[in-house]
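Worksheet for the structure shown next.
The values are calculated or read from the model by the stated rules, or taken from the named source; none is laboratory data. Everything quoted here is computed from the prediction, not taken from an experiment. When we count neighbours, we look across all protein chains shown, and the Cβ atoms used for this are built from the backbone with ideal geometry, even at glycine.
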Amino acid sequence: MDPRDDPVAAWIALKRERGCVAGTIVRYRWAVRRAQTFLRRAGRPPDPRAWTAEDARWLRRRFHDDPWRISLLAGLARFAGNFVFYEVGLPPKPPPRRVRWLTEEEAVALLEVTQRDRLLRLVALLGLGQGLRRVEWLRLRAADIDLNGRRLLVRGKGRGQPKIVWVPMHPALPEAFEGYLAWRDRRIRRHLRRHPLSPVPPELFLHRRGDRLIPYGEGGANRWMLILERRLAARGIRVKLSTHMLRRSGATLLEKTLLRSPEASRDGVYRSVQEFLRHESIATTMRYLEADPSRQRRALEAFGAAYDWGAPPRRADRPAPPGESASSAPASDPAR
């Protein structure tokens with residue numbers, strides 16, 4: 001569709017073409033319609049091509065500086081060829097967030113608190129053990145799991161069409177998948193007995209809403225993290241979890257595991273981590289790994305032992321303090 005006819009519809013079609021999940025599309029459409037309704041009531045143009053700097057500031061005040069809404073509307077206006085949001089400095093740059101990784105002890109505790117929960121155990125393994133992104137969890141389908149071949153079809157992100165690639169399965173995942181799929185099938189059969197005409201979506205993670213089965217969205221994934229936080233807090237571990245934190249932590253744990261191997265080469269280690277994260281650039285992979293001060297300390301010690309850096313100067317060889325000349329020092333008596 002030509003953006004000149006209906007920029008909102010064309011923008012939504014582009015989001016759908018790029019692989020946005022249905023729940024996200026619904027949120028986008030709802031947010032834009034709400035903004036257009038407020039603009040009409042205020043006597044302002046609802047067309048994103050006609051928005052002015054004053055309209056952008058008005059929307060900012062109306063939505064109380066909500067960064068998600070402002071970023072969404074700024075992206076819509078830019079798609080329509082209107083860069084007014086960026087000309088007035090919107091959306092504002094968010095404050096820097098402290099990136100954190102799970103320690104080995106926290107990762108082990110996370111796996112322990114999910115032992116008896118089929119859903120959350122699978123979620124923890126997909127994040128820590130498989131390195132999947134949140135969108136890849138939500139796009140995962142039951143037909144994408146090849147238990148016999150021990151592989152997984154990942155529908156990743158990417159410009160245009162999402163990247164689809166088969167990846168090897170983590171050794172702990174086949175058993176977790178079997179348990180979850182059996183539990184999922186029982187829940188689906190129970191739902192179909194009450195609502196036999198209800199369609200079953202192909203996505204792996206489903207939940208019931210009224211008389212329908214629908215796939216989980218971003219809100220569901222965030223709720224999984226909240227449940228895991230509470231279970232860790234019951235063990236005295238206070239940590240703020242996110243789906244991407246599990247992915248980063250899994251990459252760091254893989255790096256440490258490979259570096260402990262005596263026959264592992266440095267290039268092979270980081271290439272393996274890059275394949276684990278499915279990054280095109282190794283530079284992106286390096287940003288995901290946690291800095292290790294002890295490793296840096298060992299590297300500097302090895303660097304210092306490899307060369308002759310010179311002996312430290314003796315006390316008598318040190319230069320005289322400022323204001324004190326060399327002639328003021330007591331001269332030695334050669335007759336002594």
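Worth pointing out:
- Scanning the stretch 2-24 for residues that are at pLDDT below 90 and within 24 Å of the chain's Cα centre (by Cα) returns Leu14, Lys15, Arg16, Glu17, Arg18, Gly19, Cys20, Val21, Ala22, Gly23, Thr24.
- Every residue from the stretch 45-83 that is modelled with pLDDT of 90 or more and among the β-branched types (Val, Ile, Thr): Thr52
- Screening His170 on (1) under 18 Å from Ser249 (Cβ atoms); (2) free of Cβ contacts under 8 Å to residues at least 40 places away in the same chain; (3) part of a loop (DSSP other than H, G, I, E, B) shows it passes everything except condition (2).
- Within the stretch 36-48, the residues that satisfy the criterion of being touching a helix residue (DSSP H, G or I) at 6+ places or on another chain (Cβ under 6 Å) and touching a residue at least 12 places away in the same chain (Cβ under 8 Å) are Phe38, Arg44, Pro48.
- Residue that is surrounded by the fewest Cβ atoms within 10 Å (Cβ to Cβ), among those in the stretch 106-115 that are part of a helix (DSSP H, G or I) and in contact (Cβ under 8 Å) with a residue 24 or more places away in the chain: Glu106
- Across the stretch 283-327, the qualifying residues are those that are surrounded by 10 or more Cβ atoms within 10 Å (Cβ to Cβ) and in a loop (DSSP other than H, G, I, E, B), and the one among them that is modelled with the highest pLDDT is Leu289.
- Failed condition for Gly210, given (1) loosely packed, with under 13 Cβ neighbours inside 10 Å; (2) more than 23 Å from Glu136 (Cα to Cα); (3) in contact with a Leu (Cβ under 9 Å, 6 or more places away or on another chain): (3)
- Sole residue being in contact (Cβ under 8 Å) with a residue 60 or more places away in the chain, surrounded by fewer than 16 Cβ atoms within 10 Å (Cβ to Cβ) and within 21 Å of Gly217 (Cβ to Cβ), chosen from Arg18, Arg29, Arg118, Arg100: Arg18
- The stretch 227-273: number of residues that are touching a residue at least 24 places away in the same chain (Cβ under 8 Å) and polar (S, T, N, Q): 3
- Scanning the stretch 274-291 for residues that are touching a residue at least 12 places away in the same chain (Cβ under 8 Å) and more than 21 Å from Lys163 (Cβ to Cβ) yields Leu289, Glu290.
- Any chance Gly127 is assigned to a helix (DSSP H, G or I) and under 17 Å from the mean Cα position of the chain (by Cα): yes
- Per the listing His195, His170, His207, the residue uniquely in contact with a Gly (Cβ under 6 Å, 6 or more places away or on another chain) and not assigned by TED's automatic domain parsing to the domain that holds Ile25 is His170.
- Residue satisfying all of: in the stretch 173-207; under 19 Å from Val154 (Cα atoms) and touching a residue at least 40 places away in the same chain (Cβ under 8 Å); surrounded by the fewest Cβ atoms within 10 Å (Cβ to Cβ) among these: Pro202
- Among the residues of the stretch 213-248, those that are surrounded by 13 or more Cβ atoms within 10 Å (Cβ to Cβ), not β-branched (Val, Ile, Thr) and not in a helix (DSSP H, G or I) comprise Leu213, Pro215, Tyr216, Gly217, Leu241, Ser242.
- Residue selected from the stretch 38-57 under the condition in a loop (DSSP other than H, G, I, E, B) and not polar (S, T, N, Q), by the criterion surrounded by the most Cβ atoms within 10 Å (Cβ to Cβ): Trp51
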